[in-house]
């Protein structure tokens with residue numbers, strides 16, 4: 001049996017703004033209408049992030065994308081162009097640096113609601 005993650009909800013204070021920002025940074029499509037209260041970002045053919053508007057406090061979640069080096073450079077370029085602070089370590093200061101200690105490139109940034117996004121070119125969780 002093959003199992004694939006299909007979609008994941010992302011709590012947000014403004015689901016439209018958060019979905020639009022992530023879609024713009026990743027260079028992927030999104031829609032203002034989804035199923036129920038969700039605003040979907042179509043990450044790829046098999047994964048959708050469904051931004052769900054919450055008013056109460058919610059947990060801050062860490063999400064990670066593994067991308068090819070050309071996509072890494074393009075996405076990082078959009079992060080820089082938007083003036084979004086980024087860093088080279090998961091809990092470090094916003095140093096505008098890229099971590100290359102794990103055999104690839106890694107950066108982290110936070111979206112306005114506080115969720116932490118990570119982008120890497122080589123998965124340290126799934127070594128070959």
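Among 74, 101, 17, whose mean-square fluctuation peaks in a Gaussian network model of the chain (Cα, cutoff 10 Å)?
Looking only at 74, 101, 17, the biggest GNM fluctuation is shown by 101.
What is the distance in Å between the Cα centres of region 96-128 and region 1-80?
Region 96-128 and region 1-80 have Cα centres separated by 16 Å.
Tell me which label goes with the value of mean projected area of the Cα convex hull in nm² computed from the coordinates here: (i) 8.1; (ii) 9.0; (iii) 9.5.
(ii)
So what's the angle, to the nearest 10 degrees on a 0 to 90 scale, between helix 15-26 and the longest Cα principal axis of the chain?
Result, in degrees: 30.
Under the definition of Cα pairs under 8 Å and six or more residues apart, what whole-number percent is the relative contact order of the chain?
Details: 218 pairs, mean separation 27.5, N = 128.
With pairs under 8 Å counted, the relative contact order is 21 percent.
Sorting 18, 89 on the 10 Å Cβ count, fewest up front, what's the list?
Details: 18 24, 89 13.
The most exposed by this proxy come first: 89, 18.
Bear in mind that the values in this text are calculations on the coordinates, not laboratory data. Since the model is a prediction, treat every value here as computed from it, not as a measurement. Counting neighbours? That spans all protein chains shown, and the Cβs are built from the backbone with ideal geometry, glycine included.
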